[in-house]
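The values are calculated or read from the model by the stated rules, or taken from the named source; none is laboratory data. As the structure is a computational prediction, the values presented were derived from the model and not from experiment. In this analysis, Cβ positions are derived from the backbone assuming ideal geometry, glycine residues included, and neighbour counts consider all displayed protein chains.
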Amino acid sequence: MKISETPVEELKLPWLADFGVELYVKREDLNNPDISGNKLHKLKYNLEEAKHQGLNTLLTFGGAYSNHIYATAAAGKAYGFKTIGIIRGEEHLPLNETLQFATNNGMEIQYLDRTRYRLKNSALVLNELKRKFGEYFLIPEGGTNELAIKGCMEILKENEKDFSHCCLSVGTGGTLAGIIQGFKGQSKIIGFSALKGEFLEVEVNSLFRQFNMPEFDNWQINNDYHFGGYAKVNDQLIEFVKENETTYGLPLEPIYTAKALYGILDLVRKGQFVKGSKILFIHTGGLQGRAGFGL
């Protein structure tokens, strides 16, 4: 799987100089038109492993607006895999933009009600799916597994790690885990949770233990900028998205990346970054999620 080189661009907000802070953006939203951002890195080694095992069907899980479902469908079409998406909830027609794109790219959609979806990792459900679809290569919801973490360790090149802070949005924790492993204890890493609740730190640490990876203490998760929870937004956040695109040419989406960048800038204003800080914000893509908000 080819992953294009992406630039690191300075976000030149005039007022940042007042706080003695520099802010840069790693533009992973530019690495692929459809399998963009962190999803491309998460899928890279999963697809290689599926081929190694001689499996030509990818099965995965997600919500109706999932970036992961969108990217897996695109990757399947591009690299010759049949794809099956198990979607949380009931069918709603017409399909939204995400699921329509997935089906247009050959993904077969199957729905699970929310009660059964909570059992998606159980042997009962997985064996039932095997009886229905035959042998498949399983990719977890959100794409997070050991192979995904390995891929996310490659998001930054060595010459792109010369920052005092590295910040990014967090959903399942897989991308953050890869970034932490990639930095090997250097710099300060802040993940901004897109979900309500204070559980992601435990999730990330459990990933390290599950896959026998070293644990580091140079990272934290900020839970203050979820705007009410997953996919919850308000007018202020939507205006923030529009302003960044029209004024600074930086497209964001309100589910993940806008919340993280909003949080970074708010912490700068509150003096949480000392003078001389050089911050890197990793843009994790997912711009397909804008359509559901009329952006």
### Message
Being in a loop (DSSP other than H, G, I, E, B), of a type in the set (A, V, I, L, M, F, W, C) and farther than 30 Å from L95 by Cα: is that true of F273 here?
### Response
yes
### Task
Please work out which residue is nearest to T175 (Cα to Cα), limiting yourself to region 107-133 and to residues that are in a loop (DSSP other than H, G, I, E, B) and in contact with a strand residue (DSSP E or B) (Cβ under 7 Å, 6 or more places away or on another chain).
K120
### Task
Would you mind finding the one in G171, G191, G185 that is closer than 23 Å to S277 by Cβ, buried (at least 19 other Cβ atoms within 10 Å of the Cβ) and in contact with a Phe, Trp or Tyr (Cβ under 8 Å, 6 or more places away or on another chain)?
G191
### Task
Please work out which residue is farthest from G292 (Cα to Cα), limiting yourself to region 70-94 and to residues that are modelled with pLDDT of 95 or more and among the aliphatic types (A, V, I, L, M).
A78
#### Entry: Residues located in region 271-295, provided they are at pLDDT 95 or above, surrounded by 23 or more Cβ atoms within 10 Å (Cβ to Cβ) and not hydrophobic (A, V, I, L, M, F, W, C)
H283, T284, G285
### Message
Looking only at residues that are among the charged types (D, E, K, R) and surrounded by 11 or more Cβ atoms within 10 Å (Cβ to Cβ) in region 75-96, which one is nearest to H41 (Cα to Cα)?
### Response
K77
### Message
Just to verify a result, which residue in region 1-17, among those that are touching a helix residue (DSSP H, G or I) at 6+ places or on another chain (Cβ under 9 Å) and part of a helix (DSSP H, G or I), is surrounded by the fewest Cβ atoms within 10 Å (Cβ to Cβ)?
### Response
W15
### Among (1) under 25 Å from E48 (Cβ atoms); (2) surrounded by 15 or more Cβ atoms within 10 Å (Cβ to Cβ) - the single one Q210 does not satisfy
(2)
### Summary
Here the residues within region 55-95 that are of a type in the set (S, T, N, Q) and under 20 Å from the mean Cα position of the chain (by Cα) are T60, S66, N67, T72, T83
### Task
Return the total of residues in region 199-253 being basic (K, R) and either part of a loop (DSSP other than H, G, I, E, B) or in contact (Cβ under 8 Å) with a residue 40 or more places away in the chain (or both).
2
### Message
Name the residue that is surrounded by the fewest Cβ atoms within 10 Å (Cβ to Cβ), counting only residues in region 49-69 that are at pLDDT 95 or above and aliphatic (A, V, I, L, M).
### Response
L55
### Message
When you check V268 against the structure, is it under 14 Å from L23 (Cα atoms), modelled with pLDDT of 95 or more and in a loop (DSSP other than H, G, I, E, B), yes or no?
### Response
no
### Task
Looking only at region 161-173, decide whether some residue is more than 24 Å from Y65 (Cα to Cα), part of a loop (DSSP other than H, G, I, E, B) and in contact with a strand residue (DSSP E or B) (Cβ under 6 Å, 6 or more places away or on another chain).
yes
